[in-house]
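The values are calculated or read from the model by the stated rules, or taken from the named source; none is laboratory data. As the structure is a prediction and not an experimental result, all values here were calculated from the model. Backbone-built Cβ (ideal geometry, glycine too); neighbour counts: all protein chains shown.
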Amino acid sequence: MNPGGIPTAARAGVITGRILSGMVMVGLISSPVSAQQVVTLERALEMALTRSPTLESAEASAAAASSARWADWGAFLPTARANASLVATDFTNVTYLTPEGSPAIIDPPLSDNSKSSSASLSFGLGLLNPERIANVKSGAARKDAAYLRLTAAQRAVIRDVKRSYFEALKQRRLLEVAERQLGARRVDLEVTQDRYRIAAASRSDLLGAKIDASDAELRVLQAEDALGAAVRALQVVMADPVSIEADLVTLVEVERVPDADLLDAASLVRAAHASNPTLAALLKDEAAAKQDLWAARATYLPQIDLGFVFGRGLQLGRDQNLFEFSPANTSTSFQIIGSWSLFQGFERKRQTAVADERLTRARSDWTSGALQLDKEVRDLVQEIQRRDTRLEILERNRTLSDERLELAREQYRLGSIPYFNLQQAIDRTTQAEQSLFTERYDYLIRWADLEEKVGPALASGQATAPGAP
């Protein structure tokens, strides 16, 4: 569906490699050299995806989860530890114990010192430690969940940019309506003044025309404020400094609105369950919680570790150099250490209970998320289809209102209808335009919401999204 009479601009379908394939954007137009800045939907998306602090935070979380995988796999590798010590002790003994066990005094006191140097290199390897396997699996699930949430954050940024962009376009069109209405009110005021001079219009009609022109000026001011606020909100989601005035920003109109007739709620729900990154991340959370529970239960099992130590040491005399890094005496030891923790004050029971609670909560979160996603997708499909029908009706109403207004103006000039009837026709036409533009951009905003839930399914088989070829 393409409501007629609405100005349109250039379009282009773009698939961003950094985002899930299929997210649809509008074509890019470069900013001119002049002070006027042209901002297309694609440019806004590009800036937001490059600068968004929300994405920076999500990327940091994903990178941290990826780095944690080194520790998970490193638990299977042998450990190595190097130790070295240099000890020098000066002592003075004043008393000693006699063979009978009573203290006695040494006269003169005995003073001496001792020195020692030692170094060791030890290796360890865990043979039986079931927790390591669980930690590797849970770490993999957490890494996947972090990257899925990064994708979800990217979708959310795209949705927010589209919402803000369409809201700014809506406010711009409403400002245009208010400006046209102001111009029309001024023309009507001139006509009423002319008719008043020849006694064809009453003093009440003249005052009413002046009041209507003043009200139209106020509506223009209100629309300018709304447009400025919408442009600043767009700059915020673009992560762009709010430094450019709204009247210096040119927004590029989308060419057409998508057709809602092809939408099928059941198919979109299935697509959302298959591709929604937030729901998939909850499923990964459940997998990680399962492994955490297994790891907690594994603490009840025994552990076996291997150890190998190579050491060197030397006792040094009073006059020998303390800094001896190559002691002559050597020792080598090989160890097989088995351990089984029999009682830890119910600490393992607490850990198991906590892990079980996390698993139950993760399962509940996924079920709740799936049900909520199902509801939101069906609600959006129903709302989009209803708005599609409303757009057709509103476009028809606007066409009829324009025709009626032209007739009313001609009749008013001829003096066949009073000013009140002309005022009604003007108000009805203005309301029809405002309703049409409001509905059109709210319709596009709901499509952005649906894209965020479903992803590329819209472009691949359901319907053509805004700006697509």
Criterion: touching a strand residue (DSSP E or B) at 6+ places or on another chain (Cβ under 6 Å) and outside any helix (DSSP H, G or I) - qualifying residue of L169, L127 = L127
Confirm whether V236 is of a type in the set (V, I, T), under 30 Å from T50 (Cα atoms) and crowded, with 18+ Cβ neighbours inside 10 Å.
-> no
For region 253-305 the number of residues that are more than 25 Å from the chain's Cα centre (by Cα), within 30 Å of A233 (Cα to Cα) and of a type in the set (A, V, I, L, M, F, W, C) is 2
Output the qualifying pairs, or none if there are none: Cβ atoms under 9 angstrom, residues six or more apart or on different chains, first residue in region 252-272 and farther than 22 Å from F166 by Cβ and touching a residue at least 40 places away in the same chain (Cβ under 8 Å), second residue assigned to a loop (DSSP other than H, G, I, E, B) and of a type outside the set (G, A, S).
-> A271/P456
Can you pull out the residues in region 198-227 that are in contact with a helix residue (DSSP H, G or I) (Cβ under 7 Å, 6 or more places away or on another chain) and modelled with pLDDT of 90 or more?
-> K210, A213, A216, E217, R219, V220, A223, E224, A226, L227
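Please state which one of A75, A88, A71 is in contact with a helix residue (DSSP H, G or I) (Cβ under 6 Å, 6 or more places away or on another chain), small (G, A, S), over 30 Å from P258 (Cα atoms) and modelled with pLDDT under 85.
A75
Could you tell me whether region 271-287 includes any residue that is among the basic types (K, R) and not in a strand (DSSP E or B)?
Going residue by residue through region 271-287, those that are among the basic types (K, R) are 284.
Filter once more, so that each one left must be not in a strand (DSSP E or B): 284.
Checking region 271-287: at least one residue is among the basic types (K, R) and not in a strand (DSSP E or B).
Which residue out of E42, E56 is out of contact with any helix residue (DSSP H, G or I) (no Cβ under 8 Å at 6 or more places or on another chain), assigned to a helix (DSSP H, G or I), farther than 30 Å from D292 by Cα and of a type in the set (D, E)? Write out each step before concluding.
On the way: E56 fails: farther than 30 Å from D292 by Cα.
Answer to the selection: E42.
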Identity of the residue in region 300-348, surrounded by 15 or more Cβ atoms within 10 Å (Cβ to Cβ) and at pLDDT below 80, that ends up farthest from R142 (Cα to Cα) | L316
Could you please let me know if D215 is part of a helix (DSSP H, G or I), of a type in the set (D, E, K, R) and touching a residue at least 40 places away in the same chain (Cβ under 8 Å)?
-> no
